[in-house]
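Take this structure, written in structure tokens, and hold onto it; I'll ask about it next.
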Amino acid sequence: MRKFLTIVFLLALAVGYTALFSATDLARAETYYFRLTQETVNIFWNSDGTQSLDYVLVFENSPTADNLAYVDLGLPNGNFDMGTIYADVDGKPITDITTSGYQGSGSGVALGLGNYAIRPGKVGRVHAFVGVIQKVLYEDSSDNTYASAVFAPVTFGSQYMYGETDLTVTFHLPPGMAPEEPRWHEDKTADGFPKQPSSVYDAESRVTYTWRNAHADASKQYTFGASFPLKYVPESAIVRVTFIDVILGGILMIVGATSELCIPVLVIGGFFGLVGLSAYSDRKRRMQYLPPKISIEGHGIKRGLTAIEAAVLMEQPPDSILTMILFALIKKNAAEVVSREPLEIKKIEPMPEDLRYYEKEFINAFDEKGAARRRALQDTMIHLIRAVSEKMKGFSRKETMAYYEDIRKRAWAQVEAANTPEVRSQKFDEVMEWTMLDRDFNDRTRDVFRHQPVYVPVWWGRYDPGYHRHTATPSFNRPSAPSISSGGGLPSVPGADFAASMVTGVQNFAGSVIGNVNDFTSRVTQSTNPVPVSTSSGGSGGGGRSGGSSCACACACAGCACACAGGGR
Amino acid sequence: MKTKTLSLKQAIKRWFTPPEALTAGSYHFQAPPDAPAPYRLHLRLEPDRSGVFIINAATVLHLNPTAAEYAYHLVQNTPEEEVASAISRRYRINPTQAHQDFVKFKEQIQTLISTPDLDPVTFLDFDRLNPYSQEISAPYRLDCALTYRLPEGADAAYAPTKQVDRELDTREWETILDKAWEAGIPHVVFTGGEPTLREDLSELIRYAEQKGMVSGLLTDGQRLADPEYLDMLLQTGLDHIMLNLDVDNLAVAAAVKNTLAADVHLVVHLTITAQNAARASWQLEKLQQSGITALSLSAAEASLQPALQAMREHSAALGMSLVWDLPVPYSAFNPVSLETAAEEQPSGAGHAWLYVEPDGDVLPAQGINRVLGNLLRDPWNAIWQNSERRGQRQ
């Protein structure tokens, strides 16, 4: 039977767990019967790869039982340092701590309570601390870069006890670990415990995992586990279970179990067993394969982009981006639309000083006519895309896009949340450039404004040549303007007309300025994303999106102009 | 017969012996001269089998053990079939899958090399880590101030102020380079004072290059106006030059012209000061017109941040790439560090790079006058343990 237990133990090790066998026994001559009201154990997984244990066991001895004079404390293995063990009963130290007196399963020590034995009907608090236990960590069976730390608290024979136990198990992981690095194990045997332990830092800033069940059964074996990166403990602290351990265990089992069988059966069985084992061992000895994982150092969100630059990053169509530039110029009082069809604008002198390079290039493009203008606008787009690409170097495109997407959503939310036409019109004026990041800008503008009048911004006359700017009424184009409680006296247009005018502005660009959007985009992308040069080693590739292209972004699609930006240094 | 017996024993032993980890250490690959573009790869295999993979001394990748093994074979130029076989012998994976994964890994790295603008998170399925946030076994770069001497008439305002007892001689600097390489540092930048005042500069660059390090030079550029001197430096294999620019100095204009014509990566650094802020944009356009494509910027004081940001915007509009984190004057005030300051990201000083003074004393970075040890006299491990960030962690 003992040999069988050895096999079980070895097999338990082979699956990569710190199999802690700690059945604690109180089976001595006396009649034991008690309730374990509290069992609290703190397990310290130390940076040198050792383990320290701190137990608190609160016994309520039955009035009908004998004195509770000994407690057998099971330990994970025999590699503990006796010199580091301390115990007390109700705060009074005890010295009768021996391995020879231990009568439980596996390894452990017997705590002789001596004069502090818990009398019938009384409650006693037994505290034990074990400073050093070695060889308690194993390689995680699912990730060979992680160490597996598994622990099962002491149990007591059900014939000796009654009632429920408030059982708390706390893992203190090695120092220096970030909270996201360790992982807890889900163990189906831990019924009644939360699936996810609570996690906090302890006083030494170590990450802790705590499992608690106020109604636990202390006669039942519960197992708790966690894994953490191997780098936090010495390599030498990890117990590597070779297959030879399992083989030896198997031989012991066979010898123990077949002593009455004849030799031929052993020989034949041994032959086939060896063949099978050799194949199994060859597979088992190899390391677990995890798909290659690459992480790159880089910054996250690139803040400070203008709405127009964000539109480039978010691969908006070029006609939308150019329309955004037009609105920016109009709002800055740098340009005025003199004709919508065909679209013609004129500069307003003196030009503001805060114009951005793309705004200057844009307005200068309108000094040209026809194809020359189209080429100048293409150059503007090319410069804009390259500048955004430069700005994004070292930053995450993905996170930055999410950031500006959120700004877009919040811009629309502000507009839609406005209760009155005045406030809605003012909000729209304030955040209009961000709402234009929306690919559904046209439809959404129609939906938001169709049913109410819109109090037009002060720049509206520069955008709509048909609008009579006969009134000089101050409007709400500046965020610092006082809020307007009434629309009385402010110029307004029907919402449907306003929306139609905005939408037409975008469509006009496509129709009358840049011509065919696909052709326009094609020349831009030919410059910003030249034809890929094959860099592949000649393999067929592993699929996905990484196949040796010069630029894998979606700028090959018609109607978008991708910045191809971001990443690296 | 004896051989067969040994083979049998070895075979049996192999059944029961787990594969050993690849030898921890540094591995280096340089693209052959006929490659479409020059590039350098440095792999540092860590004892826990993970890897740090550095492309062109700039892009830092962290690899899990499997990726680290593929990187090892990439650097060793192992044929694909051999890689598949080796991986399948060591891991529970069939050779076909291992081959596919290796080819994919190679393509990911090649794409990153050939398309540095590509966002590797979006398009190559990489994860992103904050810069300098990982535990590493050695810095990525060592800045070596060979001397604190300056040319006659130079403005000492931007020079390091610490007085040193002496300058190390050539052999002593070689010892320091040896130690750095053995520790796994793949990149060295020679700086000063003015490093071109050291007559052994080319000898030291050559020594570093022969070891496999990427080497860079930070200079005021005056001596590079001499084409023969520049050619002598380039013959050593020098990888990059950063000119700390005074655009009013005609000699530097000649240096820019010479260096642009040479086969070396050139970055120009401008320090924005209260005195030059007004004409900095004009200087920038002049640089762009001269053919400069890579730029480093810093501000002499925090109050100049708006001017610095405007310069950064302007440089992007001119299509100039920004470089940062090099040991330039006022390097802490660069556009990226100022922009990300609110995010409280860890600093690379004392972690991703260290600074060696002319007498061998090691500082976390230029301008942080906390001596961690002397790289000539003290063991590397002691210095690394003393580095500020590690000290804080422990």
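The values are calculated or read from the model by the stated rules, or taken from the named source; none is laboratory data. Keep in mind that this is a model prediction, so the values were computed, not measured. Please note: Cβ atoms are built from the backbone with ideal geometry, for glycine as well, and neighbour counts cover all protein chains shown.
Considering only residues that are farther than 24 Å from B:G193 by Cα and of a type in the set (V, I, T), look in the stretch B:293-338 and name the one that is nearest to the other protein chains (Cβ to nearest Cβ).
Filtering the stretch B:293-338 for residues that are farther than 24 Å from B:G193 by Cα and of a type in the set (V, I, T), the one nearest to the other protein chains (Cβ to nearest Cβ) comes out as B:V336.
Among the listed residues A:K284, A:K293, A:K231, which satisfies the condition of being within 10 Å of chain B (Cβ to nearest Cβ), modelled with pLDDT under 75 and closer than 30 Å to A:R183 by Cα?
The match here is A:K284.
Between B:P151, B:P120, B:P95, which is in contact with a helix residue (DSSP H, G or I) (Cβ under 9 Å, 6 or more places away or on another chain) and surrounded by 22 or more Cβ atoms within 10 Å (Cβ to Cβ)?
Of the residues listed, the single one that is in contact with a helix residue (DSSP H, G or I) (Cβ under 9 Å, 6 or more places away or on another chain) and surrounded by 22 or more Cβ atoms within 10 Å (Cβ to Cβ) is B:P120.
Separate question: Just to be sure, is B:L63 facing chain A (nearest Cβ under 7 Å), touching a residue at least 12 places away in the same chain (Cβ under 8 Å) and hydrophobic (A, V, I, L, M, F, W, C)?
yes
Listed here are the residues, each with its yes/no results for (1) assigned to a helix (DSSP H, G or I); (2) within 14 Å of chain B (Cβ to nearest Cβ); (3) over 29 Å from the mean Cα position of the chain (by Cα).
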position	(1), (2), (3)
A:V388	yes, yes, no
A:T400	yes, yes, no
A:K409	yes, no, no
A:Q426	yes, no, yes
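Condition first: more than 14 Å from chain B (Cβ to nearest Cβ), among the hydrophobic types (A, V, I, L, M, F, W, C) and surrounded by fewer than 19 Cβ atoms within 10 Å (Cβ to Cβ). Now tell me which residues in the stretch A:344-359 satisfy that.
A:I348, A:M351
Ok, one more. May I ask you to list the residues in the stretch A:410-442 that are over 24 Å from A:L329 (Cα atoms) and free of Cβ contacts under 8 Å to residues at least 24 places away in the same chain?
A:A413, A:A417, A:A418, A:N419
Right, another one. Could you please tell me which pairs satisfy a Cβ distance under 8 Å, a separation of 6+ or placement on different chains, a first residue in the stretch B:73-87 that is closer than 15 Å to B:L22 by Cα and away from every other protein chain (no Cβ under 12 Å), and a second residue that is among the hydroxyl-bearing types (S, T, Y) and outside any helix (DSSP H, G or I)?
As it stands, the answer is B:V75/B:Y27; B:Q76/B:Y27, since those pairs meet every condition given.
Quick one: is A:F362 surrounded by fewer than 23 Cβ atoms within 10 Å (Cβ to Cβ) and either in contact with a Ser or Thr (Cβ under 7 Å, 6 or more places away or on another chain) or among the aliphatic types (A, V, I, L, M) (or both)?
Considered against the rule, which asks whether it is surrounded by fewer than 23 Cβ atoms within 10 Å (Cβ to Cβ) and either in contact with a Ser or Thr (Cβ under 7 Å, 6 or more places away or on another chain) or among the aliphatic types (A, V, I, L, M) (or both), A:F362 comes out as no.
Sticking with this structure for a sec: Could you identify the single residue in B:T191, B:T273 that is among the hydroxyl-bearing types (S, T, Y), closer than 23 Å to B:G367 by Cβ and at pLDDT 90 or above?
B:T191
OK, next. Count, please, the residues in the stretch B:274-314 that happen to be part of a loop (DSSP other than H, G, I, E, B) and closer than 28 Å to B:D263 by Cα.
3
Filtering the stretch B:91-112 down to residues that are facing chain A (nearest Cβ under 7 Å), of a type outside the set (S, T, N, Q) and over 21 Å from B:S26 (Cβ atoms), which residue is nearest to the chain's Cα centre (by Cα)?
Once the filter is applied, the top-ranked residue is B:E107.
Here are some conditions: (1) over 25 Å from A:H185 (Cα atoms); (2) modelled with pLDDT of 90 or more; (3) of a type in the set (D, E, K, R). A:D72 meets all but one. Which one does it not meet?
Result: A:D72 fails condition (2) only.
Now a separate question. Determine which member of the set A:L384, A:L437 is in a loop (DSSP other than H, G, I, E, B) and among the aliphatic types (A, V, I, L, M).
Within the list A:L384, A:L437, the selection yields A:L437.
Just to confirm my filter: which strands (runs of 3 or more DSSP E) fall fully inside the stretch A:98-205 and include at least 1 residues that are small (G, A, S) and assigned by TED's automatic domain parsing to the domain that holds A:F224?
A:107-112, A:123-133, A:146-151, A:198-201
Right, B:D165: modelled with pLDDT under 95 and within 23 Å of the chain's Cα centre (by Cα) or not?
no
Further, regarding this structure: Test A:A214 against the criterion of being in a loop (DSSP other than H, G, I, E, B), exposed (fewer than 15 other Cβ atoms within 10 Å of the Cβ) and of a type in the set (G, A, S), and give yes or no.
no
To continue, here is another question. Consider A:R386 carefully, then state whether it is at negative phi and either in contact (Cβ under 8 Å) with a residue 60 or more places away in the chain or in contact with a Lys or Arg (Cβ under 7 Å, 6 or more places away or on another chain) (or both).
Answer is yes for this residue.
A further question follows. Identify all residues within the stretch B:43-58 that are more than 30 Å from A:S142 (Cβ to Cβ), in contact with a helix residue (DSSP H, G or I) (Cβ under 8 Å, 6 or more places away or on another chain) and surrounded by 20 or more Cβ atoms within 10 Å (Cβ to Cβ); write none if there are none.
B:N56
May I pose another question? Which numbered condition trips up B:S133, out of (1) modelled with pLDDT under 90; (2) facing another protein chain (nearest Cβ under 7 Å)?
Single failed check for B:S133: (2).
Now, a different point. Considering only the stretch A:57-115, state which residues are of a type in the set (F, W, Y) and either out of contact with any Ser or Thr (no Cβ under 8 Å at 6 or more places or on another chain) or more than 17 Å from A:R125 (Cβ to Cβ) (or both).
A:Y70, A:F80, A:Y86, A:Y102
Still on this structure, I have one more. If we scan the stretch A:381-394, do we find a residue that is among the charged types (D, E, K, R), surrounded by fewer than 19 Cβ atoms within 10 Å (Cβ to Cβ) and in the same structural domain as A:G511 (by TED's automatic domain parsing)?
There is no residue in the stretch A:381-394 that is among the charged types (D, E, K, R), surrounded by fewer than 19 Cβ atoms within 10 Å (Cβ to Cβ) and in the same structural domain as A:G511 (by TED's automatic domain parsing).
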